[in-house]
Amino acid sequence: METMKILAYQITEQIDLKKFVHSFSGKVPQIDSGEYFFRNEKDQYLYLFKYGVACFLGYQEREREELVKLILQFSTQEVEGKIQEEYHLQISPDAFEIGFNHITIGEQDPASIKLIMLNIAQSVALNYYSTQTGKLLEDIQNYTLKLEKYGSFKISWSKLKRFIGRALNIKNRIADNLYIFDMPQIAWDNEYLHQIDQGMKKEFQLQGRTRNIQDNIRIITDNLELFTSLTLHRKDAFLEWIIILLILIEVLNLLFEKLL
């Protein structure tokens, strides 16, 4: 039984695939789906996604490092920390099994490998989005604790808008980029590929993890709506006091003129 290692990394927030592919292959790419799948004569596979994930099969560590350096040249906002998945692909004639940290298939078929790498990449992306929503929740909880303890909190309007932007960005990127609840096109008319896709989704618990992130985003947006309402009310109250003060100054000026 032949065993190969698949590695997927969340490298950056976004990859400019067209520029990368042009530099990597010297060809003008036609990329519409936001992903790039490459196989060379050595049976090495590279699968890149515009949402910042790179997936490798058959590359040595030094080769992967060189490719990551090249990818970063065409990327925005490198991700801090190491978010990755390691998965094992086993080839055994007439076999099919999906287990903890491995999948066994009957032959090294590019379509099957592409689908396997796709699901691993989506798992890595969900780890990243989960980390991001977790950080947002921690920040939100700090403000809600202050609201509970002191009856008020301080947050600038610009910071509040950044919170809203971050939450919406995560929500939109999941909806736009991942095939968590939909079947990838290559598996539509192929029962074997459909079996691989469904099995991988179940193994990585992709749908459940996505729902958890979406639930967290709903909690975040509910809190942000409350914070926005309180902040706007505070701004309105501040403006009312300014108007009252201006009226008072005008009245005092009139009284002063009459006294003179």
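The values are calculated or read from the model by the stated rules, or taken from the named source; none is laboratory data. Note that the structure is a prediction, hence the values are computed from the model and not measured. We place every Cβ from the backbone using ideal geometry, glycine too, and count neighbours over all the protein chains shown. Note: accessible area is taken over every heavy atom of the protein model, side chains too, but ligands, DNA and RNA are not part of it. Shrake-Rupley method; radii C 1.70, N 1.55, O 1.52, S 1.80 Å.
Listed values, structure above:
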{"item": "Residue 133 being under 14 Å from the mean Cα position of the chain (by Cα) and at pLDDT below 90", "result": "yes"}
{"item": "Which listed residue is under 16 Å from residue 214 (Cα atoms) and modelled with pLDDT of 80 or more, from 127, 142, 101, 177", "result": "127"}
{"item": "Restricting the stretch 70-80 to residues that are in contact (Cβ under 8 Å) with a residue 12 or more places away in the chain and more than 19 Å from residue 38 (Cβ to Cβ), the residue that is surrounded by the most Cβ atoms within 10 Å (Cβ to Cβ)", "result": "79"}
{"item": "Qualifying residue in the stretch 194-215 (condition: part of a helix (DSSP H, G or I) and modelled with pLDDT under 80)", "result": "no"}
{"item": "From 116, 155, residue being surrounded by 11 or more Cβ atoms within 10 Å (Cβ to Cβ) and at pLDDT below 90", "result": "155"}
{"item": "Per-region count, the stretch 81-96, residues open to solvent by less than 50 Å² (accessible area, probe 1.4 Å) and farther than 20 Å from residue 107 by Cβ", "result": "2"}
{"item": "The stretch 99-128 residues that are within 16 Å of residue 38 (Cβ to Cβ), paired with ones that are small (Gly, Ala, Ser) and in a helix (DSSP H, G or I) (beta carbon under 7 Å, 6 or more apart)", "result": "115/187"}
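Let's see how each residue does on (1) closer than 30 Å to residue 93 by Cα; (2) open to solvent by less than 30 Å² (accessible area, probe 1.4 Å); (3) without any contact (Cβ under 8 Å) to a residue 60 or more places away in the chain:
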| residue | (1), (2), (3) |
| --- | --- |
| 6 | yes, yes, no |
| 13 | no, no, no |
| 19 | no, no, yes |
| 22 | no, no, yes |
| 38 | yes, no, yes |
| 46 | yes, yes, yes |
| 51 | no, yes, no |
| 55 | yes, yes, no |
| 67 | no, yes, yes |
